[in-house]
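Structure record follows, encoded as structure tokens.
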Amino acid sequence: MPCNVTPSTPEVFEQLIDSAPLLFFSVGCDLTYTYINPFFAEVHNIDQQKAVGMHMSEVIGEEGFNNNLPHYKKVLQGESIRYDSFFVKADGNPHHYHAVYKPLYENGDIIGFTGVVVDITAEKQLEELSNTDALTKVNNRRKYETDLQKVLEKDDAERYGLILLDIDFFKLINDELGHDKGDDALVRLSTVLKEVVADSGKIYRIGGEEFVVILDNVIDQENLEQRTETIRQAVESYNILDDRKVTVSIGASVIVSGDEKRGLVKRVDEALYKAKESGRNRSHFV
């Protein structure tokens, strides 16, 4: 059929909004929805018409609503808002997004606001996968290289410590007990590290039996030594393998102002070598 009719502008906009993989919505001053587009309904698993008249907290969940409430208040005061955020949706699934909110006016008065939200959940999940070690689920070497460089560029880099550790006699575990047991040891070691380090640092598996911990809020050398020894002792006391005792050797250093990655890594690697040379199951600091 020949195309000889020019569609009206409202029809074009309506089709774009209804077909775009973006979340479009509008709310009134009472924070109830006056419109959501089909993709919004799909992402939040709700009927498009049913959502109209519902409060935002009922649709996106209390967590998402409370996290975003400061932004809602600002836009209802006349500000245009743009930000990235994350919350767990009402259906229990994660939602990463980029949001743009603008006040909605009528006769000079604010009557609500409009929102355009880009769902970036898939991109964030892909990024997380690319930065995660498949076996242990801790950060991988790629993430380690990026994070260490960021730390070195910080004004307070000296508040961080770098720890390098590996499992003692790991080759014997693989040779005598099998690679499945070796994998179990790596996974359980990761569990110990997560429990001990918790929110005070980041853990990375950088290859084979080698792990790195970047500790934050390191007060001084003594503080680093205490925290490193806590890690070593926790591994020693934990039942990582039923078949035999598993220990780790550790090299560690406080990051100093002006440190470059190559020099720092070499320094910590040499400390690890000295820990092994002096008997293993011990820490050495430089």
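Just a few scattered comments:
- Taken over region 109-130, the criterion of being modelled with pLDDT of 85 or more and touching a Phe, Trp or Tyr at 6+ places or on another chain (Cβ under 9 Å) is satisfied by Ile111, Phe113, Thr114, Gly115, Val116, Val117, Val118.
- Residues that are surrounded by fewer than 16 Cβ atoms within 10 Å (Cβ to Cβ) and among the β-branched types (Val, Ile, Thr), drawn from region 248-285: Val256
- Restricting attention to region 238-272, the residues that are hydroxyl-bearing (Ser, Thr, Tyr) and either within 26 Å of the chain's Cα centre (by Cα) or under 18 Å from Glu225 (Cβ atoms) (or both) add up to 3.
- Residue match in region 224-238 (condition: over 20 Å from Asp184 (Cβ atoms), of a type outside the set (Ser, Thr, Tyr) and out of contact with any strand residue (DSSP E or B) (no Cβ under 7 Å at 6 or more places or on another chain)): yes
- In the set Val246, Val213, only one residue is free of Cβ contacts under 8 Å to residues at least 60 places away in the same chain and among the aliphatic types (A, V, I, L, M); that residue is Val213.
- Residue within region 179-193 that is touching a helix residue (DSSP H, G or I) at 6+ places or on another chain (Cβ under 8 Å), small (Gly, Ala, Ser) and over 19 Å from Leu264 (Cα atoms) present: yes
- Pairs with Cβ under 7 Å, 6+ apart, first in region 155-176 and surrounded by 15 or more Cβ atoms within 10 Å (Cβ to Cβ), second among the acidic types (Asp, Glu) and assigned to a loop (DSSP other than H, G, I, E, B): Ala157/Asp259; Arg159/Asp216; Tyr160/Asp216; Asp166/Glu209; Ile167/Glu209; Phe170/Glu209
- Here region 172-184 is the region considered, the condition is being of a type in the set (Asp, Glu) and either under 29 Å from the mean Cα position of the chain (by Cα) or outside the structural domain of Ala252 (by TED's automatic domain parsing) (or both), and the residue that is nearest to Leu241 (Cα to Cα) is Asp184.
- Taking region 76-121 and the strands (runs of 3 or more DSSP E) fully enclosed by it, the elements with 3 or more residues that are of a type in the set (Ser, Thr, Tyr) are at 94-106.
- Count - residues of region 226-246 that are part of a loop (DSSP other than H, G, I, E, B) and of a type in the set (A, V, I, L, M, F, W, C): 3
- Criterion (within 18 Å of Asn139 (Cα to Cα), in contact with a strand residue (DSSP E or B) (Cβ under 6 Å, 6 or more places away or on another chain) and surrounded by fewer than 21 Cβ atoms within 10 Å (Cβ to Cβ)) met by exactly one of Glu210, Glu195: Glu210
- Qualifying positions in region 90-149 - over 30 Å from Leu76 (Cβ atoms), surrounded by 15 or more Cβ atoms within 10 Å (Cβ to Cβ) and among the β-branched types (Val, Ile, Thr): Thr132, Thr136, Val138
- The condition of being modelled with pLDDT of 95 or more, more than 18 Å from Asp147 (Cβ to Cβ) and assigned to a strand (DSSP E or B) holds for only one of Ser253, Ser249, that being Ser249.
Matching residues to (1) in the same structural domain as Glu42 (by TED's automatic domain parsing); (2) within 24 Å of Ala275 (Cα to Cα); (3) not hydrophobic (A, V, I, L, M, F, W, C):
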position	(1), (2), (3)
Val118	yes, no, no
Lys137	no, no, yes
Arg141	no, yes, yes
Tyr144	no, yes, yes
Asp155	no, no, yes
Tyr160	no, yes, yes
Phe170	no, yes, no
Leu189	no, yes, no
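- In region 28-48, the condition of being touching an Asp or Glu at 6+ places or on another chain (Cβ under 8 Å) and β-branched (Val, Ile, Thr) is met by at least one residue.
The values are calculated or read from the model by the stated rules, or taken from the named source; none is laboratory data. Note that the structure is a prediction, hence the values are computed from the model and not measured. With ideal geometry, Cβ positions are generated from the backbone for all residues, glycine too; neighbour counts draw on all protein chains shown.
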